[in-house]
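Below is one structure, written out as structure tokens, with a few remarks after it.
Here, each number is a calculation from the coordinates, and none is a lab measurement. Quick caveat: nothing in here was measured; it's all calculated off a predicted structure. Heads up, the Cβs are rebuilt from the backbone with ideal geometry, glycines too, and the neighbour counts pull from every protein chain shown.
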Amino acid sequence: MTHRRDRTLVARGLARVEGEGAMYVLVTDGRVAEVRLDIYEPPRFFEAFLRGRAFTEPPDITARVCGICPVAYQTSACRAIEDACGAELDGPLADLRRLLYCGEWIGSHALHIYMLHAPDFLGYPGIVEMAAEHREVVERGLALRSAGNAIMELLGGRSIHPVNVRVGGFYRAPSRGELAPLARQLRGALPLALDTVRWVAGFDFPDFTCPHELLALADPGRYPIERGTVATSGGLAFAAAEFEQHVVEEQVPHSTALHARLTGNGLDASGRYLTGPLARYTLNSGSLPPLAAHAAAEAGLGPECRNPFRSIIVRAVEIVCAIEEALRLIEDYRPPARPAVAVTARAATGYGVSEAPRGVLYHRYEIHADGTIASARIVPPTSQNQRAIEDDLRRFVADRLDFDDERLTGACEQAIRNYDPCISCATHFLDLRIDRR
Amino acid sequence: MTVPQASCRRAVVIGVGNEFRRDDAAGPAVVAVLARQVPAGVTLAVNDGEPARMIEAWAGLPLAIVVDAVRAEPAVPGRLHRLVLDHPAIGVGGPVSSHGLGLDDAVGLGRALDRMPGRLIVHAVEAGDLGQGAGLTPAVAAVIDTLAAAVLRDLRSQRSA
């Protein structure tokens, strides 16, 4: 234990987050003076790279932003371009898009729960050490991830950076017969997903509440995944086209990623808000399909969840939801007459949102009449969450100043992992530093 | 990914990297060169180095060859390294992967779960630039064919072994 009243802690090369980052904490005279999540992003490379490219290219190009959530990028891009061009997917094509996205949720959440987050709760430095003592558990995680990847491979052509997605739908739609083995694998994965909820619900969670405005999509009658309008816990509701009227991105000195701020009547002047599993669940728990809703109740989740440490339970419930949804979509599937609807370029601006595993992902494209991209805007979930994460960490550290530097650094890293920050998406290559002066 | 019949699979070549992160694309570039040259029974794969994907790609095979860009300090862009783990029982030392969860995690997890290949060969090239952008730096681009040839040699020597 330290009794120093002034100190600086730095965590460089945050472990077990997607990408790289750093956290800096300054403690002066026994009080937390500053907390920064430092993110170094070469400025918006992808947005600049898209200018002048054909309107059909963003789904393939933006999928490369992230190896964990390429379908989110493809979907938000497709939706924005289809919006600009006046096209809309319906029936089986819309269902296939949701099914593909379910695959990404299953794979991404299984990766985060088992490989990145659970070792924190069980006291292991990482997945390798956890696997040595909990082999069956890790095998279960890999089987779930494999089920998610199987959906991505069948519908997307491959599990990383899928190649079968196009503006207007797909290059090729599967037959019912092709989906049958997938359904068998998913039926086998469902009990594993339910076991996962029970397993993580038994972890010890610190008491901690995030008070921020929560922002998620709403999709009447069902849990939001691949589409929806934007809603917040304070009652804001707006369409994707109004996103930039409500979400303002700003430069901050310590980060090359932009920080987002939510504006609107009655909102906290700080503009802090949180998107991702906690927001999604809190705003949509009533729309979970039956098995997922039952699993959530059994795990002790009420209609709201505002403890970031318990987000691991929400992710587990969302795996159940995604498998349940995938099985329903496969059961109801009838191959479409054509694998994609025609999309014709026109001079227009389009907007698209979807629920990436880490939260709302917004795309906006301005398209010239010749079909080339005039401008692009991408707002990933992690850059939206940075202010809220920093504020949560400030309060988290303030309650743990009696920890020595090593223990406090470890606790902060775990706290950051609660948000599953995809620094690869928001930025690239982020480092934790705590100053006690 | 090129996938031969499961029964005759004997090796996998995994190019690890992201084509929009400059020299990180070295692994995929080598796989592209190998696309029409690999012997029968060899699977070609490109992925992001995430351990679960790596294990899935190499589990149960006699041979896995991983091609990856690495960071080194000080770096000599284009310098090549070859590491061999027979019946891998130790982690991968030396240069580290350019990815968050690295090859050492994949090897550690593969060992813990008994899902390692019989032999693991890692071809690593020191990167000059891992920033945002497409295209290899000249120093790394210049060794892609050399790397591909080295992978083919490993595949042939395994077949004749």
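Order the peptides A:72-78, A:332-338 from the highest to the lowest mean number of other Cβ atoms within 10 Å of their residues. Mind showing how you got there, number by number?
Details: A:72-78: 29.6, A:332-338: 13.0.
Top of the packing list down: A:72-78, A:332-338.
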Exercise for the section: Report the relative contact order of segment A:86-207, percent, no decimals, based on alpha-carbon pairs under 8 angstrom and at least 6 residues apart. Expected result: 28 percent
Practice task
Compare the Cα positions of A:288, B:14, A:63 along the charge dipole of the protein assembly as shown (+1 at Cβ of Lys, Arg; -1 at Cβ of Asp, Glu; about the Cα centre) and return the one farthest towards the positive end.
Solution key: B:14
Handout entry: Peptide-level mean, for B:48-58, of C-beta atoms on other protein chains within 10 Å
Key = 5
Practice task
Work out the mean other chain Cβ neighbour count within 10 Å for the residues of A:191-200 and drop it here as an integer.
Solution key: 0
Completion exercise
One finds the C-alpha centres of segment A:131-170 and segment A:316-382 to be spaced, in Å, by 19 Å
Problem - Placed amide H near residue A:226: partners under 5 Å, 5+ positions off or other chain - result: A:355
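Taking beta carbons within 10 Å but only from partner chains, what does the mean come to for residues A:68-77? Please report the intermediate quantities before stating the final value.
Details: counts 2, 0, 1, 0, 0, 0, 0, 0, 0, 0.
Whole-number average of other-chain Cβ neighbours for A:68-77 is 0.
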Exercise for the section: Name the shape class, rounded, prolate or oblate, that the alpha-carbon gyration tensor gives for chain A, where a ≥ b ≥ c are the square roots of its eigenvalues, rounded holds for a/c under 1.5, and otherwise prolate holds if a/b is larger than b/c and oblate otherwise. Expected result: oblate
Problem - Residues of segment A:112-152 with amide N under 20 Å of a point placed 7 Å along Cα→Cβ from residue A:184 - result: A:143-152
Problem - Amide proton proximity set for residue B:43, modelled H, under 5 Å, gap of 5+ - result: B:10, B:11, B:12, B:13
Exercise for the section: Positive end of the charge dipole of chain A (Lys, Arg +1 and Asp, Glu -1 on Cβ, about the Cα centre): tell me which of A:168, A:252, A:273 has its Cα farthest that way. Expected result: A:168
